[in-house]
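Scroll down for the structure; my scribbles are underneath it.
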Amino acid sequence: MKITPAMINKAVEAKIINDKQAQDLIAFFKKLPEHGPDFNLTNVLYYFGGLIAIGAMTLFMNIGWEIYGGWGILFLSLSYAVLGIALTHHFHGLDYIIPAGICATFVICLTPLAIYRFQQGMGWWPGDAVYQDYHFYIRWNWIFMELGTLAIGVILAYIYRYPFMIMPIAVTLWYMSMDIIFFINGDEYTYELGAMVSMYFGLIMTLIAFWVDIRSGQGADYAYWLYIFGVLAFWGGLTSQDADTELSRLCYLGINLFLILIGVILNRKVFVIFGAIGTCLYLGHLSYVVFQDSYFFPVALTAIGFAIIYLGILWQKHEAKLTAKLRNILPQSLRHL
């Protein structure tokens, strides 16, 4: 349960705590590492400005920059990186957590451009692909840029430990799950192979996120972005599989229901969202293909829906007792999670 200032103020009105205790509690909660950034004008300006700066050197870098060649843009990238590190260190010393994390993230996002320009300057860049295609096309050329980004990202994240820094690392892993197919198989790319690699790569990323979740304990949420892109890659690859039998489609439903259950257990909405979408896709298949001419199917589906609601009522009645029994089975680290 997320505790808000409004909830604390209601406790004051109910005379459970006094005004000073309420203000002390609010200040205390804001300093906790697991407390996410508030949605206010200050933080909107932080992230809006940071994303514009990051976008300028990634998504919005136009082809006109190619005229400066490899070494010119490499020098500019390194200059920006030094500035980003200096600002990160400065804000870190002032305990400005969000600006420091954004500046460190900016440095990580610069890495693909710097590596691309270095390869270009040394004459090692293969093919005629340009940096502007990096975020839009799947190619094996990007692998070395992605490996370098992961290395720099892990090093900086280990030094500064800001959760937002995991975002470019997670995005890079997602990109790599697609580009690695071209790197291994060359031009022999198939849609089915791409879906399979994406599914397994996403599963590995999700397991890494789970490990990070356990390691970070009750601290800052370092696993957030890894969960998002891990589940996205896994679910996207799973959904893209060629399911040619009803049994395989039923298994697809079971996996999506399992994702919903995992999301509830870990309190991660991304599992629930994709699991629910997958479940709806399966029900749509039943409605428009399997039971296309059946008037009984919507009635049966409605009955199932109300049965699930009733199951929720039963769970609410016995939630504390059942939860305690289930948690006693888990290891200590998972109980905290």
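Any read-out appearing in this document is the output of simple, stated calculations on the displayed coordinates, not a laboratory observation. Computed from a predicted model, the values in this text were never measured in an experiment. Positions of Cβ are backbone-derived with ideal geometry, glycine not excepted, and every protein chain shown enters the neighbour counts.
Beyond 32 Å in Cα-Cα separation lie the following of the pairs LYS269/LYS317; LYS15/LYS325; LYS10/LYS269; LYS20/LYS317; LYS269/LYS321; LYS10/LYS321: LYS15/LYS325; LYS20/LYS317.
With a cut-off of 8 Å between alpha carbons and a minimum separation of six or more residues, what is the relative contact order of the chain in percent?
On the way: 334 pairs, mean separation 38.9, N = 337.
Computed over the chain, the figure is 12 percent.
When shorter helices are ignored and each DSSP H run of at least 4 residues is given -39500 (n - 2.57), the per-residue value for the chain at 222 nm works out to -25000 deg cm²/dmol. Using a Gaussian network model of the chain in which every pair of alpha carbons under 10 angstrom is joined by a spring, one finds that among ILE143, ILE184, ILE228 the greatest mean-square fluctuation is at ILE184. The loop-placed GluC sites (Glu not before Pro) in the range 128-208, going by DSSP, that have at most 16 neighbouring Cβ atoms within 10 Å of their Cβ come out as GLU188.
Find the relative contact order for the range 108-162 and round it to a whole percent, using C-alpha pairs within less than 8 Å whose residues are 6+ positions apart. Numbers along the way, then the final one.
Working: 27 pairs, mean separation 28.7, N = 55.
Answer for the range 108-162 is 52 percent.
Of the trypsin sites (Lys or Arg not before Pro) found in the range 79-171, not one falls in a DSSP loop while having at most 11 other beta-carbon atoms within 10 Å.
Each of PHE296 and LEU261 was given a label point 7 Å from its Cα along the Cα-to-Cβ line. The distance between the two points is 2.8 nm. The relative contact order of the range 37-190, computed from alpha carbon pairs under 8 Å that lie at least 6 residues apart in sequence, is 24 percent. Projecting the Cα positions of GLN21, TRP211, HIS92 onto the charge dipole of the chain (unit charges on Cβ atoms of Lys, Arg, Asp and Glu, taken about the Cα centre) puts GLN21 furthest along the positive direction.
Comparing mean-square fluctuations of PRO99, PRO126, PRO298 from a GNM of the chain with C-alpha springs under 10 Å, the top value falls on PRO298.
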